[in-house]
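Report on one structure; see the data block that follows.
The values are calculated or read from the model by the stated rules, or taken from the named source; none is laboratory data. The structure displayed is predicted, hence computed values, not measured ones. So basically every Cβ, Gly included, is an ideal-geometry build from the backbone, and we count neighbours across all protein chains shown. Areas reflect the complete protein model, heavy atoms only, side chains present, ligands, DNA and RNA absent. Shrake-Rupley method; radii C 1.70, N 1.55, O 1.52, S 1.80 Å.
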Amino acid sequence: MSLQFVNIKIILFGITAMSSYILPYYRSLPAVTGFILMLAASGFIGSCCWAAFGAALNASPSQRAVRQFLTAYYFLFKIISKVDKTIRLC
């Protein structure tokens, strides 16, 4: 559960936002500091939502139904996911 708070998507979002959208247009220290604080707050909120929804989904009865479905059709699911990955690589 604690690894949910070290979400690589949030880190990549921050790097992309700073390098592509903020630093080319703003150079003053107060402006960059404000954007850093906004990115940190949105990243923290996003990580908290990710962790909360993950915990809620894992505890819900519908999760058991998903597990039963994947267990029953594991072989077919594995083939479809391999074909999907192969198509994405082409």
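Applying the criterion of at least 3 residues that are at negative phi and touching a residue at least 12 places away in the same chain (Cβ under 8 Å) to the helices (runs of 4 or more DSSP H) found wholly in the stretch 8-90 leaves 8-16, 29-59. Candidates Leu23, Leu37, Leu29: the one that is at pLDDT 85 or above and open to solvent by less than 70 Å² (accessible area, probe 1.4 Å) is Leu23.
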